[in-house]
Amino acid sequence: MRVLGIESSCDETGVALYDGENGGLLAHALHTQMAMHAEYGGVVPELASRDHVRRLIPLVREVMQKAELQLSDIDAIAYTQGPGLAGALLVGATFAESLAWSLEKPVIPVHHLEGHLLSPLLSSPALFPFVALLVSGGHTQLMSVEAVGHYQLLGDTLDDAAGEAFDKSAKLLGLGYPGGPELAKLAEMSKLNTLNEKDKKDSTCPRLPRPMMKSGDLNFSFSGLKTAVLNQVQLWPDELHEEERQQYRSNLAWAVQEAIADILVEKSARALRQTGLKRLVVAGGVGANRRLRQRLLEQIEKRGVEVYYPKLEFCTDNGAMIALTGWLKWKADPQVLRSAGAFSVKPRWPMSVCS
Ligand code: KG4
Ligand code: ZN
C-alpha cells in the first residue's frame with residue numbers, strides 16, 4: 001500500500017511517498033521556510049500558512065515524478081492533524097482531504113509527535129520495544145514504546161521544551177532563528193571544548209544550573225536555564241574587545257549545550273533503568289545536536305544500550321515520517337482508514353491520547 005504523507009504543522013512543508021511492503025520510502029521532498037521567518041526572529045504563523053499553500057502542489061508533483069508514479073497509484077493520504085499552528089495545519093489538512101476526495105482514496109490523520117517518535121523506523125524497521133526521547137521545539141518527553149499505538153508517557157517537561165531552551169538561549173546570545181543549530185555552531189568555537197574537566201573548573205567556564213536533573217522522576221524543566229543564561233549575559237563586562245566578546249559568547253553557548261545534554265542524558269539513562277529496556281530512540285529536532293549524540297554515545301551506548309536516530313534530514317519536520325506513520329498505523333489496524341470529507345485539526349493534542 002502506497003501512502004502519501006503531508007506535513008505542514010509549522011515552518012516546513014514536507015511531502016513523501018512510502019510503501020512498507022515495496023521499496024519503503026519511495027520519494028520525499030521538503031521546503032523549509034527558515035529563511036523567510038529568520039527576518040522576524042521566529043515563526044510568523046500567517047506567513048507560514050500562506051507559504052504552505054504555495055508549496056504543496058509543486059512538492060507533490062516533485063515526489064510523484066521522483067517516484068515515477070501517478071496520483072492514481074496512491075492508496076491513501078496521511079497528513080499531520082496536530083499539534084501545531086492552527087492555520088498551517090488547516091492548509092495541509094484541507095489539501096490532503098481535498099486531494100484524497102478527488103482521487104476517491106482514504107485518509108489517515110497523524111499525530112505529529114507520533115511521526116517523530118516512529119521516524120527512526122525509516123531506516124531500522126524492527127525496533128520495538130524502546131524508550132523514546134522526543135526532543136523538539138515544543139516537546140520534551142520520555143516514552144516507553146511497545147508497538148505502534150502503544151505508548152506510555154514516562155516524563156514530560158513542566159515548562160519550556162529542550163528546543164525552546166536552545167532557541168531562547170540563542171536569542172539571548174544574539175543568534176538568529178532557529179537558535180538550536182546556531183548555538184551548537186557557536187559552542188563548537190569555544191576554547192572550553194579543548195580543556196580537560198579540571199581546567200574547565202578552574203577556567204572562566206560559565207556555571208549554569210541543571211533544573212530537576214536529580215529530581216528522582218523523569219520530568220524536565222528548562223525555563224530556569226534561560227533565566228540563568230540571561231543572568232550570565234548581564235555579568236559580562238561592558239567594555240569588551242570583539243575577540244573577548246566572541247569568547248564570552250561561545251563559552252556560554254558551550255555551557256548551555258552541556259547543561260541541556262547533561263539533563264537529557266541523565267533522564268534517558270534513568271528511563272532505561274526504570275523500564276529495563278535496552279534501546280533508546282532519539283527523535284525530534286534537538287536529536288540533530290552533535291554534542292548530545294556524542295554524550296549519549298559515551299554515557300549510554302558504551303553501557304550496552306543501542307541508541308537509534310532518524311537520518312539527520314528526518315530529525316526535523318518532514319513528510320517521510322508522516323507517510324511512514326500513516327503506513328504503520330494502517331498496517332497495525334486497517335480500520336484507521338477514513339473517508340475523505342469532514343475533518344478538523346488539533347493544534348493542541350496531547351500525545352497520550354493519540355493512539
Ligand atoms: O522537531 P522540530 O524540527 O520541530 C518541532 O516539531 O518543534 O524541532 C525544532 C527544534 C528547534 O528548537 C531547533 O532549534 C532544534 O529543534 N534544533 C536543534 C538542532 N537542530 C534543530 N537544537 C540543537 N542542536 C541542533 N543541531
Ligand atoms: Zn516536529
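The values are calculated or read from the model by the stated rules, or taken from the named source; none is laboratory data. Predicted, not measured: the structure shown is a model, and the values here were computed from it. FYI the Cβ positions are ideal-geometry reconstructions off the backbone, even for glycines, and counts take in every protein chain you see. These area figures cover heavy atoms from the full protein model, side chains too; ligands, DNA and RNA do not enter into them. Shrake-Rupley method; radii C 1.70, N 1.55, O 1.52, S 1.80 Å.
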Treat each spin label as a single point 7 Å out from the Cα along the C-beta direction, and report the residue 72 to residue 50 distance in nm. 3.8
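Please go through the stretch 6-63 and write out the GluC sites (Glu not before Pro) that DSSP classes as loop and that have at most 15 other C-beta atoms within 10 Å.
21, 39
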Got a sec? What order do 351, 36 fall in by accessible area at 1.4 Å, biggest, i.e. largest, first? 36, 351
Could you please tell me the mean projected area of the C-alpha convex hull for the stretch 142-240, averaged over all directions and given in square nanometres to one decimal? 9.0
Fluctuation leader among 181, 120, 334 - the chain, Gaussian network, Cα springs under 10 angstrom: 334
So for the chain: antiparallel DSSP bridges make up what percent, rounded to the nearest 5? 60
Out of all DSSP beta bridges in the stretch 76-154, what portion is antiparallel? Express it as a percent rounded to 5. 65
Take the alpha carbon atoms of the stretch 15-55, find their center, do the same for the stretch 251-327, and report the distance between the two centers in whole angstrom. 23
Please list, in order along the stretch 255-266, the HN-Hα scalar couplings obtained from phi with the Karplus expression 6.51 cos²θ - 1.76 cosθ + 1.60 (θ = phi - 60°), rounded to whole Hz, x for Gly and Pro. 5, 5, 4, 5, 4, 5, 4, 3, 5, 5, 5, 4
Total charge of the residues flanking residue 106 in space, meaning their Cβ is under 11 Å from its Cβ, with Lys and Arg +1 and Asp and Glu -1, is -1
Rank-order 167-178, 293-304, 266-277 by packing density, defined as the average count of other C-beta atoms within 10 Å over each peptide's residues, highest first. 167-178, 266-277, 293-304
GluC sites (Glu not before Pro) lying in DSSP loop within the stretch 75-179, provided at most 13 other Cβ fall within 10 Å: 104
Average accessible area per residue (Å²) across the chain - probe 1.4 Å, nucleic acids and ligands excluded: 45
Normalising by the residue count of the chain, find the relative contact order in percent from Cα pairs under 8 Å and 6+ residues apart. 27
Could you give the length gained on full extension between residue 278 and residue 128, defined as 0.36 nm per residue of separation minus the Cα-Cα distance, in nm? 53.0 nm
Can you list the trypsin sites (Lys or Arg not before Pro) in the stretch 178-253 that are in a DSSP coil and have 15 or fewer other beta carbons within 10 angstrom? 207, 214
Exposure of residue 281 as accessible area (Å², to 10), given a probe of 1.4 Å and all protein chains: 0
Net +/- balance of residues flanking residue 73 in space, Cβ distance below 15 Å, scoring K and R +1, D and E -1: -1
